[in-house]
Amino acid sequence: MRNSERTKVKHLLESGVAGTDVTAMGWVRTKRGNKSVSFIALNDGSTINNIQVVLDMNVFTEDQLKDITTGACIGVRGKLVESPGSGQRVEIQGSYIELFGAADATTYPLQKKGHSMEFLREIAHLRPRTNTFGAVLRMRHAMAFAIHKYFNERGFFYIHTPIITSSDAEGAGAMFRVTTLDVDNLPRTEEGQINWAEDFFGKEASLTVSGQLEGELAAMALSEIYTFGPTFRAENSNTPRHLAEFWMIEPEMAFYDIQDNMDLAEDFLKYLIRYALENCKDDLEFLNSMYDKELIDRLKFVVENKFERLPYTKAIEILEKVDQKWEFPVFWGADLQSEHERYLVEKHFKKPVILTDYPKDIKAFYMKQNDDGKTVRAMDVLFPKIGEIIGGSQREEIYDKLISRIHELHIPEKDVWWYLETRKFGSAPHSGFGLGFERLLLFVTGMGNIRDVIPFPRTPKNCEF
Ligand code: 4AD
Ligand code: MG
């Protein structure tokens with residue numbers, strides 16, 4: 001049996017013609033039946049739906065079918081016929097079966113349905129076989145595709161920024177080091193410091209926390225660009241919204257001010273959610289019925305309503321008036337926590353919110369300084385159930401202002417000389433933002449934990465596979 005004769009289950013179910021001879025291949029979800037007939041639910045991942053294979057037990061023997069159990073991989077030849085049963089348009093009347101790989105019923109971990117998400121994380125090598133992860137992985141693909149489509153349709157260029165870097169874009173100080181030095185026998189300088197000059201790159205290097213700074217370099221030539229790649233943060237955040245390795249989309253646009261930046265962010269998010277509603281119907285309906293009864297309504301609501309926009313200072317005034325005990329105190333200058341962000345979105349405005357003009361001390365060095373001397377032209381997009389989904393800003397394009405901020409924060413000039421040169425030569429007003437890909441997926445799938453929207457999550461003390 002060869003792949004060239006195979007038709008995908010999605011195609012068979014949606015447009016297969018009854019009466020034709022077909023071949024399907026896939027994994028057995030269930031097998032049931034009696035002395036005269038057996039039914040196999042077969043899934044090949046092309047859709048959440050299974051195709052039903054009906055086997056006449058006058059044609060097959062019990063012995064032939066004994067290894068065809070849940071999890072086994074098979075190929076089936078037969079005739080596509082209209083299904084008399086409810087639930088499917090067509091089914092396959094099997095005439096020949098090939099067993100590609102058995103799955104011992106006594107040890108296959110997904111023998112039964114209804115495992116906890118925690119258990120499934122421990123078997124991340126098998127969880128793509130579940131309905132839930134099939135749906136999540138197909139939606140992950142659809143969102144990645146829609147992101148490229150959105151930018152391509154608007155003339156943005158996809159830029160590949162480095163994964164290994166010597167710069168710390170966000171100044172968060174939580175980076176993973178990259179080294180080839182022998183950790184048991186580190187080279188030392190005469191003063192006893194580690195001698196990084198002997199390391200692979202001749203200096204200290206890390207995994208990137210953001211492609212933004214390099215993205216800005218490209219925007220200063222191609223006008224509108226975006227990056228879409230893995231980013232790494234070594235912060236010890238054990239929350240349902242943080243990963244140590246996550247994917248980020250970072251558009252960067254010359255000539256955009258913060259208003260243009262907000263308009264793009266809102267349009268972009270609505271486009272992606274609309275794309276999911278239109279192109280991921282079966283998976284969304286499954287997730288809606290299994291995990292989150294309000295999922296589809298929430299997605300529609302976000303697409304149909306204008307996001308609320310207000311400055312950080314106004315948000316603090318609102319939060320200070322709330323009669324509620326916060327885990328983290330609210331005061332002007334405090335970094336907002338997810339409890340505050342979600343209050344604003346879910347209780348106060350009841351729709352997505354874009355907060356702007358944050359205190360400069362809680363934001364990165366590159367953000368454009370406002371005339372008040374206290375705030376910067378930052379913008380965070382806050383979403384229901386998620387909190388921050390996008391972080392961005394207009395960038396400081398004036399050399400003197402940027403350098404004074406760099407000095408204030410004690411960032412060594414030798415580390416950012418190349419970034420500063422964009423402000424020396426043909427500087428332009430510009431803006432950009434970062435969308436956390438897995439935060440987007442949390443929102444569109446309705447899943448509750450970010451570990452369940454990436455195939456192999458990387459979190460503190462967890463790096464299997
Ligand atoms: O707000 P952040 O840190 O912004 C930046 O990195 C900027 N350089 C972006 C830019 O302006 N080009 O991160 C951006 C987004 C957050 O809003 C969040 O969605 C996501 O990245 N994010 C994380 N997602 C998962 N796990 C983590 N540890 C994350 N940290 C940030
Ligand atoms: Mg942020």
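The values are calculated or read from the model by the stated rules, or taken from the named source; none is laboratory data. On a predicted model such as this, the values are computed, not experimentally measured, just so you know. Note that we place each Cβ from the backbone using ideal geometry, even for glycine, and neighbour counts take in every protein chain shown. Only protein heavy atoms, including side chains, enter the accessible area calculation; ligands, DNA and RNA are left aside. Shrake-Rupley method; radii C 1.70, N 1.55, O 1.52, S 1.80 Å.
So Y358 ticks every box in (1) closer than 24 Å to G211 by Cβ; (2) more than 13 Å from ligand 1 (Cβ to nearest atom) but one. Which box is left unticked?
Answer for Y358: the failing condition is (2).
Which pairs turn up if I take residues in region 441-465 that are under 11 Å from F246 (Cβ atoms) and look for partners that are among the acidic types (D, E) and within 16 Å of ligand 2 (Cβ to nearest atom) with beta carbon separation below 7 Å, at least 6 apart in sequence or on another chain?
Close Cβ pairs satisfying both conditions: I450/E438; V453/E438; I454/E438.
Can you name every residue in region 197-242 that is closer than 19 Å to S393 by Cα, within 13 Å of ligand 1 (Cβ to nearest atom) and of a type in the set (D, E, K, R)?
E214, E216
If you take the residues of region 435-455 that are open to solvent by 30 Å² or more (accessible area, probe 1.4 Å) and closer than 17 Å to L299 by Cα, which of them is nearest to ligand 2 (Cβ to nearest atom)?
Applying the filter and picking the extreme gives R439.
Check whether at least one residue in region 403-424 is under 22 Å from H141 (Cα atoms) and within 16 Å of ligand 1 (Cβ to nearest atom), and report yes or no.
Here is the first cut: in region 403-424, the ones under 22 Å from H141 (Cα atoms) are none.
Checked against the condition, which is being under 22 Å from H141 (Cα atoms) and within 16 Å of ligand 1 (Cβ to nearest atom), region 403-424 yields no hits at all.
Of the conditions (1) touching a helix residue (DSSP H, G or I) at 6+ places or on another chain (Cβ under 6 Å); (2) open to solvent by 10 Å² or more (accessible area, probe 1.4 Å), H115 fails just one. Which one is it?
Status for H115: all satisfied but (1).
Please determine whether any residue of region 332-348 is open to solvent by 30 Å² or more (accessible area, probe 1.4 Å), outside any helix (DSSP H, G or I), of a type outside the set (D, E) and over 26 Å from A135 (Cα atoms).
Yes: one or more hits.
State whether one or more residues within region 197-206 are under 24 Å from the mean Cα position of the chain (by Cα), more than 16 Å from ligand 2 (Cβ to nearest atom), open to solvent by less than 40 Å² (accessible area, probe 1.4 Å) and not assigned by TED's automatic domain parsing to the domain that holds L441.
Initial filter on region 197-206 (under 24 Å from the mean Cα position of the chain (by Cα)): 206.
Still in the list and also more than 16 Å from ligand 2 (Cβ to nearest atom): 206.
Those left that are additionally open to solvent by less than 40 Å² (accessible area, probe 1.4 Å): 206.
Cutting the leftovers down to not assigned by TED's automatic domain parsing to the domain that holds L441 gives us 206.
Yes, because at least one residue in region 197-206 is under 24 Å from the mean Cα position of the chain (by Cα), more than 16 Å from ligand 2 (Cβ to nearest atom), open to solvent by less than 40 Å² (accessible area, probe 1.4 Å) and not assigned by TED's automatic domain parsing to the domain that holds L441.
Can you list residue pairs whose Cβ atoms sit under 7 Å apart, with the first residue in region 379-392 being over 18 Å from M367 (Cα atoms) and the second being within 10 Å of ligand 2 (Cβ to nearest atom) and of a type in the set (D, E, K, R)? Count only pairs 6 or more apart in sequence or on different chains.
L382/E388
Looking only at region 178-187, decide whether some residue is in contact with a strand residue (DSSP E or B) (Cβ under 7 Å, 6 or more places away or on another chain) and within 16 Å of ligand 2 (Cβ to nearest atom).
no
Tell me which residues, restricted to region 306-324, are polar (S, T, N, Q) and either outside the structural domain of L269 (by TED's automatic domain parsing) or modelled with pLDDT under 95 (or both).
The one that is polar (S, T, N, Q) and either outside the structural domain of L269 (by TED's automatic domain parsing) or modelled with pLDDT under 95 (or both): Q324.
Give the residue that is farthest from E250 (Cα to Cα), with candidates limited to residues of region 167-180 that are surrounded by 14 or more Cβ atoms within 10 Å (Cβ to Cβ) and away from ligand 1 (no atom under 13 Å from the Cβ).
The selected residue is T179.
Within region 402-434, how many residues are open to solvent by 70 Å² or more (accessible area, probe 1.4 Å) and either in a helix (DSSP H, G or I) or aromatic (F, W, Y) (or both)?
Total meeting the criteria: 7.
So, F301, is that one open to solvent by 30 Å² or more (accessible area, probe 1.4 Å), in the same structural domain as F133 (by TED's automatic domain parsing), more than 28 Å from F157 (Cβ to Cβ) and touching a residue at least 60 places away in the same chain (Cβ under 8 Å) or not?
So F301 does not fit the description; no.
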